[in-house]
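Worksheet: one structure, shown below.
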Amino acid sequence: MMRILLLLWCAVPLFAQPAEWQARGRGGGGGQFNPSISPHNSDEFYIGCDMSEWFHTTDGGQTFDVVDFRQLSSSPLCVVRFTNDPQILYALDQNFGARPYKSTDGGVTWFPISDPTDEDAYNLFVDYNNPSRVIVSSYTNLYFSSNGGTSFSSRYSDSNGLHLAGAFFHADTIYVGTDLGLLRSINGGQVFAPMSTFGISAGQAMISFAGSVTGSTVRFLCTTAPQADVYPGIGGADFEITEGLYTYTLGDPNWVNRLASLPAGSIPFYVGMSINEIDTLWAAGTNPPFYHPHILRSANGGTSWQSVMQTVNNVNVQTGWCGQGGDEGWGWAGNALGFTVAPNNPWQCIITDYGFPHMTTDGGQTFRALYVHPDDLNPSGANTPQGLFYRSNGLEPTSVWHLHWSSPTRLFASWTDITAGYSIDGGETWGRPNIDNNNAYSVNTVYHVVQHQNGMMYGAASSVHDLYQSTYLTDARIDGGDGQIWMSGDSGSTWTMMHNFTYPVIWLALDPTNPERMYASVVHSTQGGIFRTNNLSAGAGSSWTRTAIPPRTEGHPYIVEVLNDGTVVCTYSGRRTTQFTYSSGTFVSTNQGTSWTDRSDSMMVYWTKDVVIDPHDDTQNTWYVAVHRGWGGPPNDRGGVFRSTNRGVSWTRICDELYSESIAIHPDNPDIAYVTTEESGLFYTENLSDAAPDWIQLSEYPFMHPQRVFFSPYNSNEVWVTSFGNGMRKGTTGGLDAPQNLTITAVGDSLSCRWQAVPGAANYFIWSSDNPGAPFEDYTLELSTSAVSAMLALPANYQRVYVVTAE
């Protein structure tokens, strides 16, 4: 019997994905909420964010990771709760609404538990000493579980809304502060009923509530406000309604209002206590007329209070770039948006605000910023310097729209809320550029920059952030905004205003056929459109004219590109009234905007995002357009990435991720591309040129909403991902050459494999497949080795494809 052995052996240069996407930026700058400190390790804590991520540290805030969005997501309502079992944690996870989640492995993985609120949870509390007892609230109901979240039962309700201000568990007695007063269960949560107490002024409702016990003495602390102003989900932004700060020792006749004993001007909102120390009380809010983040502490059970976070003159605060005298002052940070005290350490607390978390571990004697690398902290007791560069420690809660390289070391990032940033060391550290420093133009965001062949940079600026995201599509959110074009002659360090459109500007494009011509996307429902100048070198004296209005459009232009022959390609993004209007799409002009042709696929007419010209098509006939799914009828399920090979005459959908934002194509390999999405993370393909590319969700990228992907023009193995809410991340891909001079020999029932060493390679990987046409991601890893030879078992069917890669 004759055996026929058919083996195919080849080598490929593997474009290995980064094992880690490292955070880059200067830290902070976005709202953070609901910090939570571990009772088992004071260096471990979580901080929530309104941009969907949970920041997690185990080294006291020196570095932060982001909890993978496939495990757990955040919102201003979401919380993480530790228990006395280090393996058991609970949380509220944000999906369409908040829902209860649980971890049984110390936070490594998370899973949903029973949800009595149907994704409408407003708070969650856990019995620290008995982790099987869990309270979850909806808008109207308090639910209780005695079995670790396997099931819940309704225990109390108010059809007008039930705000849970806090909970304290003491053996089988459970106290819950609410807007209706104090609820109590004396039978381990089976029944909750109002507990009659006196002293809180009539018409007042609890905002925040905490409790503690020492020996047999139980003490409570709460803030109050007029009941009509308190609602489920109330947060620190409503600080001005506070009218009371009360303490109550169980067994005393009355609550005692301590507000008069606070330092003048103090407005507390949040309260906190360790669960085992009744004399050290904390409160956090703000302090008119400064409106800084403000922390108060009492060391004697509430009799007297002192302000401990002394922001004026940075007396006891090690700052990052926000502080008195800094790139941003304390007024930018604003009032407290979150506050916590360590459950078993009354000396440790964390405050969060509109951009910058701070922590004390010595009872408020000193504080330090938690949003920059610890080596970059500025000393307390002195003004925060301006113009410094900072390294990220991973706490990046802001959006970045665009990234531009002026040289291998000089980068410019287009940030939301903190305007922009620039780097002079290849992106390792970042500083704030000098742009609108006196806030004369209310520049919130620089969305995009371009650089002329003469070195001059131009930036599109707006007072309105988050343009064309789901919350910024209506005239009410956009038309009142301001915007300009700014210019910089020093690669982005300093900027001067070039032209004030008085409406938001979101994108720019230089014309390669005419160095005096530039286009700008200006956003306004009636006055917006694509504008053009033909005397760019005149700078502030340049004149601008709105081009013709493309068919169907309603003033929401987005991306504009100019091809090598002068053809102008643009997208118009979504606009909503009571629904999406039929005004979005892709448009083309061959006469500098005198007229436009609608080249939109039917899928593009409601909410189009980026258009990208294929860098590997010399004719520039191949375009890609990302389209975002809308809602409310016709826009449903119209989304994905579309490709045209004939300048938009016809389109094919090549990626069906409905919430697509953009696509980026590798500059050296036409088959490699990334797609960014709003809620499903980052996708990747190695066969873009195929009719139906295979897309892989990259598990190493942890954030749900990447915005765009950029390849360094000086090192294509350096890949940067900007995001809507998690700053920037940098990854380095494997770009080693493929092993050469491969030989394979059958030796009995084995295969002897040899190849030539690759300079710089530490390991080699042998992969196999029984399908010669299979994409590489479907291959099976046979083995890895640091040697240049290996032995494999002879394949059972004598037909197999083998690939060797180097790393």
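The values are calculated or read from the model by the stated rules, or taken from the named source; none is laboratory data. What you are looking at is a predicted structure, and each value in this text was computed from that prediction instead of being measured. When we count neighbours, we look across all protein chains shown, and the Cβ atoms used for this are built from the backbone with ideal geometry, even at glycine. Ligands, DNA and RNA are stripped out before the accessible areas are found, and what is left, the full protein with its side chains, is counted by its heavy atoms. Shrake-Rupley method; radii C 1.70, N 1.55, O 1.52, S 1.80 Å.
Within 11 Å, Cβ to Cβ, of Arg800, how many net charges do the neighbouring residues add up to if Lys/Arg are +1 and Asp/Glu are -1? Don't skip to the answer; put the middle values down first.
Values: positive: none; negative: Asp770, Glu782.
Combined, the nearby Lys, Arg, Asp and Glu give -2.
Percent of alpha carbon pairs in the chain separated by more than 40 Å? Kindly include the intermediate steps, with their values, before the conclusion.
On the way: 140795 of 325221 pairs.
It works out to 43 percent of all Cα pairs.
In terms of solvent-accessible area of protein heavy atoms at a 1.4 angstrom probe, what is the ranking of His56, His666, His616, highest value first? The partial results should precede the final answer.
Numbers: His56 40, His666 10, His616 65 Å².
Ranking His56, His666, His616 by accessible area, largest first, yields His616, His56, His666.
Which value, in Å², gives the accessible area per residue of the chain when a 1.4 Å probe is used on the protein heavy atoms?
Working: 29080 Å² over 807 residues.
Heavy-atom SASA per residue in the chain reads 36 Å².
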Got a number for carbon plus sulfur as a percent of the chain's accessible area, 1.4 Å probe? 46 percent
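Which percent, nearest 5, of DSSP beta bridges in the chain are antiparallel? Walk me through the intermediate numbers first.
Details: 200 of 213 bridges.
Roughly 95 percent of the beta bridges in the chain run antiparallel, per DSSP.
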Under a 1.4 Å probe, counting only protein heavy atoms, Leu221 has an accessible area in Å², nearest 10, of 0 Å²
When all protein chains stay in place, what accessible area (Å², nearest 10, 1.4 Å probe) is found for Leu180? 80 Å²
